[in-house]
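Take a look at the structure below.
The values are calculated or read from the model by the stated rules, or taken from the named source; none is laboratory data. Bear in mind the structure is a predicted one, so any value in this text is a computation, not a measurement. Because the Cβ atoms are built from the backbone with ideal geometry, glycine has one as well, and the counts that use them run over all protein chains shown. Remember, those area values only see protein heavy atoms, side chains included, never the ligands or the DNA or RNA. Shrake-Rupley method; radii C 1.70, N 1.55, O 1.52, S 1.80 Å.
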Amino acid sequence: MTQPEAPRSTSEEPWPVRVVSQKLSAWIAKLGWVWVDGQVAQISRRPGAATVFLTLRDPAADLSLTVTTNRDVLDAGAPELAEGARVVLHAKPEFYAARGTLSLRADEIRQVGLGELLARLEKLKKLLAAEGLFDRARKRRPPFLPTRIGLITGRSSAAERDVLTNARRRWPAVEFRVVNVAVQGPTAVPQIIDALKVLDNDETIDVIILARGGGGVEDLLPFSDEALCRAVFGCRTPVVSAIGHETDTPLIDYVADVRASTPTDAAKRIVPDLTEELRLIRLARQRLDRAVTGLLDREAHRIEALRSRPVLARPHVMLDQRASDMAALRDRAARSLNHRLGAASAELRHTLARLRALSPAATLQRGYAIVQRADGHVLRAADDVSTGDPLRVRLAEGELTATVDG
């Protein structure tokens, strides 16, 4: 059998459990009396016993402590105390070494009034607004027709029935994933946060609805919890808040992407009305039919107007007119050409007559003759020739040869 390893040095000597418990008890006792704020998760009053046991839960964390107090202290400070109420108590932490447990011993308990609760909520509201949790720019619009809707609500509650009934009445094919949680009391906030995580991690969920029926301010306190508001702010999936009635405004309404006045209103906001959508489609088709019919009518009128024009109604008229124009042009061209040819012919005749009048042949016709020497020189004087020179005499008709005798 192996032996346990010996301590390395004297300073590392192990402490007995009783020593650790005693030291813890001494350290905790030094804390003294403190004021503690919390929510009552459970009250245990044993008949005939002077001691009352409370389970005090932190509203923003999954943490609780046991509180012991005297029945007279409870009756004096909070005689109507019930589970789920917010309290402030004056207590001293105590560590029970025998059981290794920590508890609080209270000598004064005060139930938090409505005015104080509202003041705390207003302070928290300002804090969250300053951090940007209420910013409208970050709010997302849910899809027009979600494939699957996540619903967080109380089991078999009127809010669950209202959402499911109205949503399926509007769109019968809509699908839901319902997670039932406590919607009031000390366990509400942790359960709702866990449900949000589950639905936000579900890729098939397009939108998450938080639904609860009406109630008093204290009943709706879980939906103004800081941890829940931050959990809603951190969701990737759009969140719809449908808490209470229209006049109820828990802080989660300001953080959620969409605020519905009631669970029924949430169903109307998230799911379109099939009957209304069919009516809108029918109206759109009618408008489209009217638009197409009007367009066809206008185009038909345009075509009819074009067809009624003479150029299209009697196209041969244009051809006849062009043929007449062509014939007239041809006549004008012929007359112009004949006129010019006649003028040119007359001018030519006049020129020819002048030429004939001036021509030597015309002179010869009148009985004259042209006498030329043998070299062809025309004689103009008798001295130009000598006796015995041959001569050529041209007459109007024919030629003669002669010799100069003297």
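Being under 29 Å from residue 189 (Cα atoms) and either at pLDDT below 80 or not small (Gly, Ala, Ser) (or both) is a property that does not hold for residue 31. In the set 210, 196, only one residue is within 21 Å of residue 141 (Cβ to Cβ) and part of a helix (DSSP H, G or I); that residue is 196.
If you go through the stretch 177-193 and keep only what is assigned to a helix (DSSP H, G or I) and in contact with a Gly (Cβ under 9 Å, 6 or more places away or on another chain), you end up with just 188.
Scanning the stretch 128-147 for residues that are assigned to a helix (DSSP H, G or I) and open to solvent by less than 70 Å² (accessible area, probe 1.4 Å) returns 128, 129, 138. Applying a threshold of 6 Å to beta carbon distances and a minimum spacing of six or more residues, or different chains, the list of pairs starting in the stretch 12-29 at a residue that is in contact (Cβ under 8 Å) with a residue 24 or more places away in the chain and ending at one that is not acidic (Asp, Glu) reads 21/97; 24/95; 25/95; 25/97; 28/93; 28/95. Residue count for the stretch 222-276, restricted to those that are in contact with a helix residue (DSSP H, G or I) (Cβ under 7 Å, 6 or more places away or on another chain), among the polar types (S, T, N, Q) and modelled with pLDDT under 90: 1. Of all residues in the stretch 367-390, those that are under 13 Å from residue 403 (Cα atoms) have Cβ atoms under 9 Å from Cβ atoms of residues that are open to solvent by 70 Å² or more (accessible area, probe 1.4 Å) and of a type in the set (S, T, N, Q), 6 or more apart or on another chain, in 387/403; 388/403; 389/403; 390/401; 390/403. With respect to the conditions (1) closer than 30 Å to residue 46 by Cβ; (2) out of contact with any strand residue (DSSP E or B) (no Cβ under 9 Å at 6 or more places or on another chain); (3) basic (Lys, Arg); (4) touching a residue at least 40 places away in the same chain (Cβ under 8 Å), residue 92 falls short on a single one, namely (2).
For the stretch 376-406, filtered to residues that are among the polar types (S, T, N, Q) and not in a loop (DSSP other than H, G, I, E, B), the residue that is least open to solvent (accessible area, probe 1.4 Å) is 403. Looking across the stretch 70-91 at every residue that is β-branched (Val, Ile, Thr) and part of a strand (DSSP E or B), the one that is surrounded by the fewest Cβ atoms within 10 Å (Cβ to Cβ) is identified as 88.
Residues in the stretch 17-69 that are of a type in the set (Lys, Arg) and more than 29 Å from residue 218 (Cα to Cα) were compared, and the one that is surrounded by the fewest Cβ atoms within 10 Å (Cβ to Cβ) is 30. Taking the conditions (1) modelled with pLDDT under 90; (2) surrounded by fewer than 17 Cβ atoms within 10 Å (Cβ to Cβ) in turn, residue 125 satisfies each one other than (2). Restricting attention to the stretch 362-375, the residues that are open to solvent by less than 70 Å² (accessible area, probe 1.4 Å) and at pLDDT 80 or above total 4. Applying the condition of being outside any loop (DSSP other than H, G, I, E, B), touching a residue at least 12 places away in the same chain (Cβ under 8 Å) and of a type outside the set (A, V, I, L, M) to the stretch 148-164 and asking which residue is farthest from residue 232 (Cα to Cα) yields 162. Scan the stretch 350-361 and tell me whether some residue there is at pLDDT below 75, closer than 30 Å to residue 399 by Cβ, part of a helix (DSSP H, G or I) and open to solvent by less than 100 Å² (accessible area, probe 1.4 Å). The answer is yes; a qualifying residue exists. If the condition is being of a type in the set (D, E, K, R), open to solvent by 30 Å² or more (accessible area, probe 1.4 Å) and touching a strand residue (DSSP E or B) at 6+ places or on another chain (Cβ under 9 Å), then the stretch 194-220 contributes 194, 206, 218, 219. Can you spot a residue in the stretch 316-332 that is closer than 30 Å to residue 304 by Cβ, open to solvent by 100 Å² or more (accessible area, probe 1.4 Å) and basic (Lys, Arg)? Looking through the stretch 316-332, at least one residue is closer than 30 Å to residue 304 by Cβ, open to solvent by 100 Å² or more (accessible area, probe 1.4 Å) and basic (Lys, Arg). Restricting the stretch 103-120 to residues that are open to solvent by 80 Å² or more (accessible area, probe 1.4 Å) and either part of a strand (DSSP E or B) or modelled with pLDDT of 80 or more (or both) leaves a set whose member that is nearest to residue 186 (Cα to Cα) is 110.
Tell me, please, whether a residue that is among the hydrophobic types (A, V, I, L, M, F, W, C), under 22 Å from residue 270 (Cβ atoms), touching a strand residue (DSSP E or B) at 6+ places or on another chain (Cβ under 6 Å) and touching a residue at least 12 places away in the same chain (Cβ under 8 Å) can be found in the stretch 126-142. No, the stretch 126-142 contains no residue that is among the hydrophobic types (A, V, I, L, M, F, W, C), under 22 Å from residue 270 (Cβ atoms), touching a strand residue (DSSP E or B) at 6+ places or on another chain (Cβ under 6 Å) and touching a residue at least 12 places away in the same chain (Cβ under 8 Å).
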